[in-house]
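Enquirer: Before I ask anything, here is the structure I am working with.
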Amino acid sequence: MPPAEEPNTATAAKAAKAADRTGTTKASDRTTATEAANVAEAAKTAEAAKTARPAETADRPLPQDPTSTADAAATAHPADTVGVPPGAADRTETAGESLPRVLVGTDIVVVERIARLFAEQPALVGRVFTARELSYCAGKRRGGEHLAARFAAKEAVLKALGTGLGTRMQWTDVEVVNDRSGRPQVRLRGEVDAVARQRRMRRVDVSLSHVPGLALASAALVCEGEDGPAGRDRGSEPNG
Amino acid sequence: MTATADRTDILAIVQEATADALGLDETDVAPDATLLDDLGAESIDLLDILFRIERRSGVKVQASDLADHIQGGIPDEEFGDENEIVTAVGLAHLKKVMPQIDVEKLAGTLAADHVMGLFTVQNLADIVASRAEATANAAR
């Protein structure tokens, strides 16, 4: 799977997505949008990111990882979205073609919680992580953080899909692999892949970050077509 | 062993598993405590709890089964209205899997995404017990 679109495009589309979720108009109906409206709506992006799960970790204050790379620009940082120049959003608005849907998900994991889980229940490891994920993390000095970040990534993808760990889904259906440059990529299989196809997902990107104690992941899915009414597109689209 | 005794045992197993996974005292894990809202369980905790239950009872319940069981196979568009409020049909089913809920009080106000917030330790024990019974019957 190739990397996602460049961050600016993804961010602008995400702002439009947030606007669509919070309003009743469809993307194609909205050919003009005032700058003020854009800014106000973009501020709701964080809310949109939270729709996948009621108990939301994003409310917690989180230490920012100073080592975050440009990957983080594609993630759900409200400040980034608010900072989008109006021109960037306008460009997307006036393109005259239907906007892709962008679904985002975020998750934070306490590293110690993951460590304790697998220390106490080693047989669970294989139900959650693939052999490739385990071998990647096993070779790392801070393997526990890497593993926790991968768990967060699985959760983030499932939140973006809006299902959580849905019926018939396995944790191993979302696999994080690293390309040659070390950038994380996501592979979906099984039921998660089936739901992604229902959502007409074309791109998925994740960004991971961890500090001692905490691991965070964001996922962005780019899907074809327009939104249904807010929240009503879960699994109800005609055929996959 | 009678079915009633089994159910008591299973409740104890569920309480112990929940306490161990969440690092709580077993006395904090009352049958009527809600797993997510009262006890603060998150998805990783649920994974932990369910695997502990599986090891101790031999009954496998996956996190991915829970929401489905609670929604009872009712399609999303019938379970929640256009504002994602649980419909009368949805509530009638919820009353079966979560008998403690006050349907009249929740009518027209229960957000679909808050349903899991009402799920108690006892409700989980009931699911495990009915799975155990189904397995026992199948083996008979």
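Enquirer: Tally time: how many residues in the stretch A:181-229 are in a loop (DSSP other than H, G, I, E, B) and of a type in the set (D, E, K, R)?
Expert: Within the stretch A:181-229, residues that are in a loop (DSSP other than H, G, I, E, B) and of a type in the set (D, E, K, R) number 7.
Enquirer: If we keep just the residues of the stretch A:104-163 that are touching a residue at least 40 places away in the same chain (Cβ under 8 Å) and part of a loop (DSSP other than H, G, I, E, B), which is farthest from the other protein chains (Cβ to nearest Cβ)?
Expert: Here the residue is A:Arg142.
Enquirer: Given the conditions (1) of a type in the set (Asp, Glu); (2) within 22 Å of A:Gly190 (Cβ to Cβ); (3) at pLDDT below 90, and given that A:Glu133 satisfies all but one, which numbered condition is not satisfied?
Expert: It fails just one condition, (3).
Enquirer: Please count how many residues of the stretch B:25-73 are facing chain A (nearest Cβ under 8 Å), aliphatic (A, V, I, L, M) and under 19 Å from A:Val110 (Cα atoms).
Expert: Count: 3.
Enquirer: Got at least one residue in the stretch A:159-182 being surrounded by fewer than 22 Cβ atoms within 10 Å (Cβ to Cβ), closer than 20 Å to A:Arg199 by Cα and touching a strand residue (DSSP E or B) at 6+ places or on another chain (Cβ under 6 Å)?
Expert: Yes; the residues of the stretch A:159-182 include at least one that is surrounded by fewer than 22 Cβ atoms within 10 Å (Cβ to Cβ), closer than 20 Å to A:Arg199 by Cα and touching a strand residue (DSSP E or B) at 6+ places or on another chain (Cβ under 6 Å).
Enquirer: Residues in the stretch B:77-92 that are touching a residue at least 12 places away in the same chain (Cβ under 8 Å) and at the interface with chain A (Cβ under 9 Å from one of its Cβ atoms): how many?
Expert: Here the count works out to 2.
Enquirer: Do the conditions hold for A:Arg189, that is, is it closer than 28 Å to B:Gly73 by Cα, in contact (Cβ under 8 Å) with a residue 24 or more places away in the chain and not aliphatic (A, V, I, L, M)?
Expert: no
Enquirer: So which residues in the stretch B:1-45 are at pLDDT below 95, in a helix (DSSP H, G or I) and farther than 18 Å from B:Ala63 by Cα, if there are any at all?
Expert: Passing the criteria: B:Ala3, B:Thr4, B:Ala5, B:Asp6, B:Arg7, B:Thr8, B:Asp9, B:Glu26, B:Thr27, B:Asp28.
Enquirer: Continuing with the same structure: Give the residues of the stretch B:59-76 that are modelled with pLDDT under 90 and of a type in the set (D, E, K, R), sorted by residue number.
Expert: Scanning the stretch B:59-76 gives B:Asp65, B:Asp68, B:Asp76.
Enquirer: What are the residues in the stretch A:196-226 that are in contact with a helix residue (DSSP H, G or I) (Cβ under 6 Å, 6 or more places away or on another chain), surrounded by 18 or more Cβ atoms within 10 Å (Cβ to Cβ) and modelled with pLDDT under 95, if any?
Expert: A:His210
Enquirer: Take the residues in the stretch B:108-130 that are outside any loop (DSSP other than H, G, I, E, B) and over 12 Å from the mean Cα position of the chain (by Cα), then tell me which one is surrounded by the most Cβ atoms within 10 Å (Cβ to Cβ).
Expert: Step one: filter the stretch B:108-130 for residues outside any loop (DSSP other than H, G, I, E, B), giving B:111-118, B:120-130.
So of that shortlist, the ones also over 12 Å from the mean Cα position of the chain (by Cα) come out as B:111-114.
Numbers: B:Ala111: 14, B:Ala112: 20, B:Asp113: 18, B:His114: 16.
Selected residue: B:Ala112.
Enquirer: Follow-up. What is the residue count in the stretch B:8-23 for residues that are among the aliphatic types (A, V, I, L, M) and either more than 14 Å from every other protein chain (Cβ to nearest Cβ) or loosely packed, with under 13 Cβ neighbours inside 10 Å (or both)? I'd like the intermediate steps shown before the answer.
Expert: Taking the stretch B:8-23 and keeping what is among the aliphatic types (A, V, I, L, M), we get B:10-14, B:17, B:19, B:21-22.
With the extra rule that they be either more than 14 Å from every other protein chain (Cβ to nearest Cβ) or loosely packed, with under 13 Cβ neighbours inside 10 Å (or both), the set shrinks to B:10-14.
Summing the residues that are among the aliphatic types (A, V, I, L, M) and either more than 14 Å from every other protein chain (Cβ to nearest Cβ) or loosely packed, with under 13 Cβ neighbours inside 10 Å (or both) in the stretch B:8-23 gives 5.
Enquirer: If B:Pro99 passes every condition in (1) in contact (Cβ under 8 Å) with a residue 24 or more places away in the chain; (2) farther than 26 Å from A:Val128 by Cα; (3) in a loop (DSSP other than H, G, I, E, B) but one, which one does it miss?
Expert: It fails just one condition, (1).
Enquirer: Additional query: Taking the stretch B:93-107, which residues are over 22 Å from B:Ala33 (Cβ atoms) and either within 14 Å of chain A (Cβ to nearest Cβ) or exposed (fewer than 13 other Cβ atoms within 10 Å of the Cβ) (or both)?
Expert: B:Glu104
Enquirer: Starting from residues that are surrounded by fewer than 20 Cβ atoms within 10 Å (Cβ to Cβ) and closer than 19 Å to A:Gly164 by Cβ, keep the ones in the stretch A:109-126 and report whichever is farthest from the chain's Cα centre (by Cα).
Expert: A:Leu124
The values are calculated or read from the model by the stated rules, or taken from the named source; none is laboratory data. None of the values given here were measured: they were computed from a predicted structure. Virtual Cβ from ideal backbone geometry, glycine too; neighbours counted across all protein chains shown.
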